[in-house]
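Worksheet for the structure shown next.
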Amino acid sequence: MTRPTNEPWLLTPGPLTTSKTTKDAMLRDWGSRDMAFLNTNRRIRSILLDLVNAADSHECVPVQGSGTFAVEAALGTLIKNTDKTLVLVNGAYGKRIARILEILGLNFTVQETPENQPNDVDALAGQLHSDPAISHVVAVHCETTSGLLNPIAEIADAVAKAGRKLIIDGMSAFGALPIDARDTQFEALIASSNKCLEGIPGLGFALIEKTALANAKGTSRSLCLDLFDQWQTMESNAQWRFTPPTHVIAALDSALSQLIAEGGPAGRLDRYKNNCRRLVNGMRALGFATLLPDTLQAPIIITFKMPTAKNFIFSNFYDHLKDQGYVIYPGKLTIIDSFRMGCIGHLTESQMSGALSAVEVALQRLGVAYPLKTPSPTNQTQRNVL
């Protein structure tokens with residue numbers, strides 16, 4: 001994987017580093033009603049369902065915009081005024097879901113755990129038992145605030161046993177982390193064109209259970225974000241109701257072909273796990289402490305605790321890495337000062353090794369001795385991530 005001149009490697013949770021093949025797919029203009037483009041739409045919708053074995057049970061409904069557009073569209077399309085929703089929160093994206101429901105004027109409650117702890121399945125089961133009014137549960141598969149992997153299969157089992165409906169924000173998980181609609185019951189699974197699919201931002205989609213979607217007519221409080229109307233139009237003529245992001249769709253079509261060639265989600269997960277292992281082990285060798293133990297860490301983005309060394313200033317550290325061609329992310333936690341480094345996108349262990357070398361150079365330029373001496377209670381034992 002070769003980096004074009006002056007183009008950095010993005011160690012972020014999205015937008016991501018994309019392949020040259022994906023970039024090249026955007027160099028052609030498409031007529032939005034041309035048959036070739038309509039066939040691309042059909043192909044993408046079919047592949048996205050197949051990735052989680054959902055073709056028999058669900059429909060794929062895409063929508064223009066970032067992943068959050070698709071989350072709001074799905075919530076607004078499926079949840080009625082008479083419903084009550086339980087949101088599982090352990091980071092910024094769970095909180096964002098609650099904020100969407102609040103703005104939509106829908107009835108909801110929140111079950112919150114700390115940002116470094118997974119959703120509590122026992123507490124979930126207890127709340128569903130004690131509150132029969134709850135009709136829906138919304139959970140985040142991988143909470144990129146911390147990089148934490150939530151126990152989505154166990155959550156789905158608890159929701160199904162209670163006879164309720166599950167909506168999954170799979171934004172940072174879909175296309176790599178395992179999920180199978182035949183084993184994991186969900187009313188909707190929401191993701192986007194970038195993240196683990198390694199396309200570019202600009203397209204969100206929801207995989208929605210067929211009966212739920214058919215019953216959603218008139219529920220949405222939005223024209224543009226009405227996934228029932230979007231689905232009806234696409235089913236009738238394969239077209240979008242409003243101008244589609246043609247170049248984004250072409251890039252996703254190419255990215256999905258590359259995903260399949262890599263061995264599908266399982267093959268991509270193997271590469272991400274190797275990236276994660278190389279990055280975590282290398283950063284720990286330099287004295288950086290991870291927020292999460294390996295048992296909770298998803299191989300998507302890693303949160304590192306901010307060093308307490310006198311000369312370590314994150315903005316300067318960031319700039320030194322960027323000067324060497326690596327872009328990382330600031331922290332998003334409320335519980336601790338931190339920064340994040342991603343291991344997804346069109347990257348391999350070679351780029352992880354390059355980033356580690358850049359970190360060493362950055363520390364030298366800052367005048368920070370390493371290995372760092374910051375103590376950490378986090379279990380640093382080396383295990384297979386995920």
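The values are calculated or read from the model by the stated rules, or taken from the named source; none is laboratory data. Everything numeric in this text was worked out from a predicted model, so none of it was measured. All Cβ positions, glycine included, derive from the backbone under ideal geometry; neighbour counts span all protein chains shown.
The set of residues in region 145-161 that are crowded, with 18+ Cβ neighbours inside 10 Å and outside any strand (DSSP E or B) comprises Thr145, Ser146, Gly147, Asn150, Ile152, Ile155, Ala156, Ala158, Val159. With respect to Ser172, is the statement that it is out of contact with any Lys or Arg (no Cβ under 9 Å at 6 or more places or on another chain), surrounded by 21 or more Cβ atoms within 10 Å (Cβ to Cβ), polar (S, T, N, Q) and closer than 18 Å to Pro15 by Cβ true? It is false that Ser172 is out of contact with any Lys or Arg (no Cβ under 9 Å at 6 or more places or on another chain), surrounded by 21 or more Cβ atoms within 10 Å (Cβ to Cβ), polar (S, T, N, Q) and closer than 18 Å to Pro15 by Cβ.
Test Arg271 against the criterion of being surrounded by 19 or more Cβ atoms within 10 Å (Cβ to Cβ), within 18 Å of the chain's Cα centre (by Cα), modelled with pLDDT of 95 or more and charged (D, E, K, R), and give yes or no. Judged against the criteria, Arg271 is a match. So, in region 41-79, of the ones that are in a loop (DSSP other than H, G, I, E, B) and without any contact (Cβ under 8 Å) to a residue 60 or more places away in the chain, which residue ends up farthest from Gly175 (Cα to Cα)? My answer is Asp56.
Matching residues to (1) in contact with a strand residue (DSSP E or B) (Cβ under 9 Å, 6 or more places away or on another chain); (2) within 14 Å of Ser172 (Cβ to Cβ); (3) among the polar types (S, T, N, Q); (4) assigned to a loop (DSSP other than H, G, I, E, B):
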| residue | (1), (2), (3), (4) |
| --- | --- |
| Leu256 | no, no, no, no |
| Ile260 | no, no, no, no |
| Arg271 | no, no, no, no |
| Arg278 | no, no, no, no |
| Met283 | yes, no, no, no |
| Phe288 | yes, no, no, yes |
| Leu292 | yes, no, no, yes |
| Phe304 | yes, no, no, no |
| Pro307 | no, no, no, yes |
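Looking only at region 165-184, residues that are more than 29 Å from Leu279 (Cα to Cα), assigned to a loop (DSSP other than H, G, I, E, B) and touching a residue at least 60 places away in the same chain (Cβ under 8 Å) come to 2 in all. Of all residues in region 130-140, those satisfying the criterion of being surrounded by 24 or more Cβ atoms within 10 Å (Cβ to Cβ) and out of contact with any Gly (no Cβ under 7 Å at 6 or more places or on another chain) are Val137, Val138, Ala139.
Scanning region 240-255 for residues that are within 15 Å of Leu27 (Cβ to Cβ) and of a type in the set (S, T, N, Q) turns up Thr246, Ser254.
A count restricted to region 89-132 and to residues that are within 26 Å of Leu225 (Cα to Cα), aliphatic (A, V, I, L, M) and over 18 Å from the mean Cα position of the chain (by Cα) stands at 5. Across region 340-369, the number of residues qualifying as among the acidic types (Asp, Glu) and crowded, with 19+ Cβ neighbours inside 10 Å comes to 0.
For every residue, the table says whether it meets (1) under 21 Å from the mean Cα position of the chain (by Cα); (2) assigned by TED's automatic domain parsing to the domain that holds Lys273; (3) among the β-branched types (Val, Ile, Thr); (4) at pLDDT below 95.
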| residue | (1), (2), (3), (4) |
| --- | --- |
| Gly345 | yes, yes, no, no |
| Thr348 | yes, yes, yes, no |
| Leu356 | no, yes, no, no |
| Ala362 | no, yes, no, no |
| Pro375 | no, no, no, yes |
| Asn379 | no, no, no, yes |
| Arg383 | no, no, no, yes |
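Being at pLDDT below 95, among the aliphatic types (A, V, I, L, M) and more than 20 Å from the chain's Cα centre (by Cα), is that true of even one residue in region 325-343? Scanning region 325-343 turns up at least one residue that is at pLDDT below 95, among the aliphatic types (A, V, I, L, M) and more than 20 Å from the chain's Cα centre (by Cα).
Selection within region 55-88: residues that are over 12 Å from Ala206 (Cβ atoms) and of a type in the set (Asp, Glu). The member of this set that is nearest to the chain's Cα centre (by Cα) is Asp56. Screening Glu209, Glu187, Glu154, Glu143 for residues that are more than 20 Å from Val63 (Cβ to Cβ) and out of contact with any Gly (no Cβ under 6 Å at 6 or more places or on another chain) leaves exactly one candidate, Glu154. Please enumerate the residues belonging to region 202-219 that are assigned to a loop (DSSP other than H, G, I, E, B) and surrounded by fewer than 18 Cβ atoms within 10 Å (Cβ to Cβ). Matches in region 202-219: Asn215, Lys217, Gly218, Thr219. Would you say Trp9 is of a type outside the set (Gly, Ala, Ser) and over 23 Å from the mean Cα position of the chain (by Cα)? Here the answer is no, as Trp9 does not meet what is asked. Is one or more of the residues making up region 128-144 modelled with pLDDT of 95 or more, closer than 27 Å to Ile335 by Cα, assigned to a helix (DSSP H, G or I) and not polar (S, T, N, Q)? No: region 128-144 contains no residue that is modelled with pLDDT of 95 or more, closer than 27 Å to Ile335 by Cα, assigned to a helix (DSSP H, G or I) and not polar (S, T, N, Q).
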